[in-house]
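The values are calculated or read from the model by the stated rules, or taken from the named source; none is laboratory data. Everything quoted here is computed from the prediction, not taken from an experiment. Backbone-built Cβ (ideal geometry, glycine too); neighbour counts: all protein chains shown. Just so you know, the surface numbers come from the protein's heavy atoms only, side chains and all, with ligands and any DNA or RNA stripped out. Shrake-Rupley method; radii C 1.70, N 1.55, O 1.52, S 1.80 Å.
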Number of protein chains: 2
Amino acid sequence: MLSKNTLKFIKSLQLKKFRKQEQSFFVEGAKNVTELLQSDFEVTHLLCTKKFVEENHHLLPKVGGSFYEVSQQELESLGTFQSNDTALAVAKTKSNETFELGSNEWVIALDDVRDPGNLGTIIRIADWYGIRKILISKESADIYNPKVLHASMGSFTRIQFFITDLANFFSKGNYPVYGAFLEGKNIYEVEFGSGGIILMGNESNGISPEVGKFVSQKITIPRFGQAESLNVAIATSIICDNVKRQEHIFSKSKK
Amino acid sequence: MLSKNTLKFIKSLQLKKFRKQEQSFFVEGAKNVTELLQSDFEVTHLLCTKKFVEENHHLLPKVGGSFYEVSQQELESLGTFQSNDTALAVAKTKSNETFELGSNEWVIALDDVRDPGNLGTIIRIADWYGIRKILISKESADIYNPKVLHASMGSFTRIQFFITDLANFFSKGNYPVYGAFLEGKNIYEVEFGSGGIILMGNESNGISPEVGKFVSQKITIPRFGQAESLNVAIATSIICDNVKRQEHIFSKSKK
């Protein structure tokens, strides 16, 4: 039986302040909850309907904490989904380890990406293209925001996040940084090296001047029509695709 | 002065039923309204704040119908934006002309894309890549839905839309149709011809079997990591980029 205190605790995690204080967050819906249960996150609470139990009983032993079978109404009153007939799980947030850029590794860095939907979509794109680390400026959306986790479609479980002051971070290393600008080199003609950092900027203002000065190569997606700009998640996907495409073509030509 | 009837009329356009009946729609926000005023759409009403008038007085002569200076509160009560300190405009919908695939022309076709945000984003991508026509199945989101228009960021003014029964449409022509599937040919290795139709499917179910049988080449975005799928707007952008990239490289190699 769910106590009033547990209900209050879970509901409080809709706010960043309490997520930080409790070092906990929640995810909703079958896709995200099953991915969470298959990851190395420490799950402290699982609330789910009978339907979810029937379909996912093999995953239930992974719940380290408390397990509750609840009604759809109870789930909806706790989470942010308009309809949720499956599950909600609470897990402990993870603290960052030290960032290291592996050899031949590609990483994404986000300078002030504010929209939770964009951040979540970028996490999903990173996971599609096999990118395992994302550097995120402190002003960006909170990775544990329910909207971010929802848009990531479970991919957040496979990505390491490093929340940092990007200018300070870049000043201490010597990384190949490919920054997306409107007036950079055409990505079709850029020779991407064997690894580096793909830097994307804010939805309205792009990459800030403080962070921009660490960019080693300004890059641009060529435009063939008249739209003024592309959404930041769309732009990220196109750049990742060009980087990986070049690797693919290069590795084939060596064979 | 805005009459009660005008207010009621504009508010009714939030619903597809009334947009169809009145053959009218509205757009909100500075970006979309200024793009609308610069297009060949017939604008019947412009409601805007003093600020918008000051910044865009050169566009006001383009309003064929009624012009009203209103408060931010009035704008917000009529539209769907939480905050709108600029403008809202009503225009007449356009009826489709007959579709024709030009030589060397690329067109997008959408089989049951339901999410208005996805449809709007795809319109913006088409406009970026110089694609001027989109074929849309009848089950897809309504192109005049305020959320679609908002996400398109003004690009809807530059695209021709053809709402049609796609299976029936394809059965009557002989088009090169490149359909996005999870088990098609790697887009990095597809030789896109000099024009054709890029077909994208529903968010959950992909391309329907009835429409899929008209696909001449199944294509797939290669996956390097573990995400199960990509959002349909993201996938559209990556495919458009690969098509245009090939054209670009080809035209350079001919020089």
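None of A:E35, A:E100 is in contact (Cβ under 8 Å) with a residue 24 or more places away in the chain and of a type in the set (D, E, K, R) except A:E35. One residue stands out in segment B:24-41 among those that are more than 17 Å from B:S66 (Cβ to Cβ) and out of contact with any Gly (no Cβ under 6 Å at 6 or more places or on another chain): the one that is surrounded by the most Cβ atoms within 10 Å (Cβ to Cβ), namely B:G29.
Count of segment B:234-249 residues, restricted to those that are more than 7 Å from chain A (Cβ to nearest Cβ), open to solvent by less than 20 Å² (accessible area, probe 1.4 Å) and not β-branched (V, I, T), is 3. Among the residues of segment B:74-90, which ones are out of contact with any helix residue (DSSP H, G or I) (no Cβ under 9 Å at 6 or more places or on another chain) and open to solvent by 30 Å² or more (accessible area, probe 1.4 Å)? Answer for segment B:74-90, where residues must be out of contact with any helix residue (DSSP H, G or I) (no Cβ under 9 Å at 6 or more places or on another chain) and open to solvent by 30 Å² or more (accessible area, probe 1.4 Å): just B:E76.
Exactly one residue out of B:T44, B:T93, B:T98 is in contact with a Gly (Cβ under 9 Å, 6 or more places away or on another chain), surrounded by fewer than 21 Cβ atoms within 10 Å (Cβ to Cβ) and of a type in the set (V, I, T), and it is B:T44.
What number of residues within segment A:201-211 are in contact (Cβ under 8 Å) with a residue 60 or more places away in the chain and either over 24 Å from B:D241 (Cα atoms) or within 14 Å of chain B (Cβ to nearest Cβ) (or both)? Residues meeting the conditions: 3.
Which count do you get for residues in segment A:15-44 that are assigned to a helix (DSSP H, G or I), of a type in the set (D, E) and either farther than 17 Å from A:G120 by Cβ or not assigned by TED's automatic domain parsing to the domain that holds A:L88 (or both)? It would help to see each step written out before you state the result.
Initial filter on segment A:15-44 (assigned to a helix (DSSP H, G or I)): A:16-22, A:30-37.
Narrowing the set further to residues that are of a type in the set (D, E) leaves A:22, A:35.
Checking the rest, the ones that are also either farther than 17 Å from A:G120 by Cβ or not assigned by TED's automatic domain parsing to the domain that holds A:L88 (or both) come to A:22.
Selection size over segment A:15-44: 1.
Test B:F81 against the criterion of being on the phi < 0 side of the Ramachandran plot, of a type outside the set (A, V, I, L, M) and outside the structural domain of B:K8 (by TED's automatic domain parsing), and give yes or no. For B:F81, the condition - on the phi < 0 side of the Ramachandran plot, of a type outside the set (A, V, I, L, M) and outside the structural domain of B:K8 (by TED's automatic domain parsing) - is not met. The one condition from (1) in contact (Cβ under 8 Å) with a residue 60 or more places away in the chain; (2) open to solvent by 10 Å² or more (accessible area, probe 1.4 Å); (3) hydrophobic (A, V, I, L, M, F, W, C) that B:I131 does not meet is (2).
Using beta carbons and a limit of 9 Å, which pairs, at least six apart or on different chains, have the first residue in segment A:108-119 and in contact (Cβ under 8 Å) with a residue 24 or more places away in the chain and the second one part of a helix (DSSP H, G or I) and of a type in the set (K, R)? So the pair list comes out as A:D115/A:K147; A:P116/A:K147; A:G117/A:K147; A:L119/A:K147.
Condition check: outside any loop (DSSP other than H, G, I, E, B), open to solvent by less than 50 Å² (accessible area, probe 1.4 Å) and more than 13 Å from chain B (Cβ to nearest Cβ). Does A:I163 satisfy that? Spelling it out, it is not the case that A:I163 is outside any loop (DSSP other than H, G, I, E, B), open to solvent by less than 50 Å² (accessible area, probe 1.4 Å) and more than 13 Å from chain B (Cβ to nearest Cβ). If I ask for residues that are hydrophobic (A, V, I, L, M, F, W, C) and over 11 Å from B:F162 (Cβ atoms), which ones from segment B:120-145 would you list? Matches in segment B:120-145: B:I122, B:I123, B:I125, B:A126, B:W128, B:I131, B:A141. Any residue in segment A:61-72 that's part of a loop (DSSP other than H, G, I, E, B): show its pairings with residues that are open to solvent by 40 Å² or more (accessible area, probe 1.4 Å) at Cβ separation under 6 Å, as long as the two are six or more apart or on different chains. From residues that are part of a loop (DSSP other than H, G, I, E, B), the pairs are A:G64/A:E42.
With B:L182, B:L119 as the choices, which residue is surrounded by 24 or more Cβ atoms within 10 Å (Cβ to Cβ) and either part of a helix (DSSP H, G or I) or modelled with pLDDT under 95 (or both)? First the steps, then the outcome.
Numbers: B:L182 fails: surrounded by 24 or more Cβ atoms within 10 Å (Cβ to Cβ).
Being surrounded by 24 or more Cβ atoms within 10 Å (Cβ to Cβ) and either part of a helix (DSSP H, G or I) or modelled with pLDDT under 95 (or both) holds for just one of B:L182, B:L119, which is B:L119.
When segment B:135-158 is filtered for residues that are under 16 Å from B:K92 (Cα atoms), open to solvent by 10 Å² or more (accessible area, probe 1.4 Å) and touching a Lys or Arg at 6+ places or on another chain (Cβ under 6 Å), the ones remaining, listed by number, are B:D142, B:Y144.
Hey, among the residues in segment A:212-226 that are in a loop (DSSP other than H, G, I, E, B) and either surrounded by 19 or more Cβ atoms within 10 Å (Cβ to Cβ) or of a type in the set (A, V, I, L, M) (or both), which one's farthest from the other protein chains (Cβ to nearest Cβ)? Spell out how you get there, then give the answer.
Narrowing segment A:212-226 to residues in a loop (DSSP other than H, G, I, E, B): A:213-216, A:221-226.
The next check asks that each one be either surrounded by 19 or more Cβ atoms within 10 Å (Cβ to Cβ) or of a type in the set (A, V, I, L, M) (or both); those that pass are A:214-215, A:221.
Details: A:F214: 26, A:V215: 22, A:I221: 7 Å.
The qualifying residue farthest from the other protein chains (Cβ to nearest Cβ) is A:F214.
Given the criteria within 14 Å of chain A (Cβ to nearest Cβ), open to solvent by less than 70 Å² (accessible area, probe 1.4 Å) and among the acidic types (D, E), does B:E105 qualify?
Values: within 14 Å of chain A (Cβ to nearest Cβ): yes; open to solvent by less than 70 Å² (accessible area, probe 1.4 Å): yes; among the acidic types (D, E): yes.
Here the answer is yes, as B:E105 does meet what is asked.
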